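> For reference, the structure I am asking about is given below.
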Amino acid sequence: MLLRVFSILILPLLLLAQVYYFHFQRYSVLYDTDLKIPIEGSATIYGEEVKVSNKKRLSFRPYPGLDKRLQASNKDFYKLGYDKGHTIISDDSSDFNIDVLKESYYFVNITPQTSHTNRSLFRKLEIYFRKLALKYGKIQVITIVLPSDKFIGNGVNVPRGFIKMIVLPNNTLFRCFYIPNNKTGRIKPFECQ
């Protein structure tokens with residue numbers, strides 16, 4: 001399934017774009033500098049760590065390992081009606097450690113999201129992911145970003161939606177979800193193959 005998703009959705013983008021791979025403490029990301037968004041990534045969420053909560057929230061900032069001109073900025077979102085939404089790893093699954101939390105606030109981990117998608121749909125999934133991590137000890141969440149033809153600010157792509165796949169510790173693909181990036185959509189589970 002993952003190879004099929006990769007070959008259908010991601011490989012064509014890699015052939016046409018300038019894509020970088022970044023690996024952080026708790027997540028990895030493929031970042032497209034033409035779209036100025038992550039296009040795919042994975043994060044590991046550990047059950048013991050989600051019990052710890054550092055209520056501190058930080059500001060989004062450029063990843064120092066990539067030229068600032070190739071990343072989104074705060075100006076790209078100013079008064080345009082989109083949240084700067086965590087995409088691969090959320091602050092809720094990384095707030096056990098300040099260094100991991102800081103890494104979750106890099107612009108290479110954010111996409112423009114409607115407030116409904118960011119504050120409702122993703123929030124519900126993040127709570128579900130935390131519960132699964134507690135139950136199974138750890139989970140891996142794979143995210144695929146589905147670009148659109150819409151851009152904001154200085155060329156930042158607004159995704160049409162997202163696919164989130166949960167992998168259990170025994171490498172079983174457990175659940176898959178489609179999350180639309182609009183004002184009224186619902187999370188749509190689908191069969192993982």
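The values are calculated or read from the model by the stated rules, or taken from the named source; none is laboratory data. Remember, it's a predicted structure, so these values are computed and weren't measured experimentally. When we count neighbours, we look across all protein chains shown, and the Cβ atoms used for this are built from the backbone with ideal geometry, even at glycine.
> Could you please let me know if V145 is under 30 Å from K51 (Cβ atoms), among the aliphatic types (A, V, I, L, M) and out of contact with any Cys (no Cβ under 6 Å at 6 or more places or on another chain)?
Yes, satisfied.
> Could you count how many residues in the stretch 43-64 are buried (at least 17 other Cβ atoms within 10 Å of the Cβ) and at pLDDT 95 or above?
2
> Still on this structure, I have one more. Looking for whichever is farther than 26 Å from G47 by Cβ, of a type in the set (A, V, I, L, M, F, W, C) and at pLDDT 95 or above here; the options are I163, I179, I144, I152. Which one fits?
Values: I163 fails: farther than 26 Å from G47 by Cβ; I179 fails: farther than 26 Å from G47 by Cβ; I144 fails: farther than 26 Å from G47 by Cβ.
On inspection, the qualifying residue turns out to be I152.
> For the stretch 182-193, name all the residues that are modelled with pLDDT of 95 or more and polar (S, T, N, Q).
N182
> May I ask you to verify whether T87 is buried (at least 19 other Cβ atoms within 10 Å of the Cβ) and under 13 Å from V156 (Cβ atoms)? Before the answer, list the steps.
On the way: buried (at least 19 other Cβ atoms within 10 Å of the Cβ): yes; under 13 Å from V156 (Cβ atoms): yes.
Judged against the criteria, T87 is a match.
Let's see how each residue does on (1) part of a strand (DSSP E or B); (2) in contact (Cβ under 8 Å) with a residue 24 or more places away in the chain; (3) buried (at least 18 other Cβ atoms within 10 Å of the Cβ); (4) of a type in the set (K, R):
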{"position": "Y128", "(1), (2), (3), (4)": "no, no, no, no"}
{"position": "K135", "(1), (2), (3), (4)": "no, yes, no, yes"}
{"position": "M165", "(1), (2), (3), (4)": "yes, yes, yes, no"}
{"position": "T184", "(1), (2), (3), (4)": "no, yes, no, no"}
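> When the stretch 93-117 is examined, which residues are found to be at pLDDT below 95 and crowded, with 18+ Cβ neighbours inside 10 Å?
S93, S94, D95, V100, L101, E103, S104, Y105 - these are the residues of the stretch 93-117 that are at pLDDT below 95 and crowded, with 18+ Cβ neighbours inside 10 Å.
> Which of the residues spanning the stretch 180-193 are in contact with a helix residue (DSSP H, G or I) (Cβ under 8 Å, 6 or more places away or on another chain) and of a type in the set (A, V, I, L, M, F, W, C)?
Hit for the stretch 180-193 is I187, nothing else.
> So if I check each of F122, F177, which one is among the aromatic types (F, W, Y), in contact with a helix residue (DSSP H, G or I) (Cβ under 8 Å, 6 or more places away or on another chain), surrounded by 15 or more Cβ atoms within 10 Å (Cβ to Cβ) and not in a loop (DSSP other than H, G, I, E, B)?
Working: F122 fails: in contact with a helix residue (DSSP H, G or I) (Cβ under 8 Å, 6 or more places away or on another chain).
Just a single option satisfies the conditions, and that option is F177.
> While we're here: Counting only residues that are surrounded by fewer than 17 Cβ atoms within 10 Å (Cβ to Cβ) and outside any strand (DSSP E or B), how many does the stretch 137-151 have?
Selection size over the stretch 137-151: 4.
> Specify the residue that is nearest to K164 (Cα to Cα); the eligible residues are those in the stretch 99-119 that are hydrophobic (A, V, I, L, M, F, W, C) and either assigned to a helix (DSSP H, G or I) or more than 12 Å from the chain's Cα centre (by Cα) (or both).
V108
> Test K188 against the criterion of being basic (K, R), surrounded by fewer than 22 Cβ atoms within 10 Å (Cβ to Cβ) and farther than 19 Å from R57 by Cβ, and give yes or no.
yes
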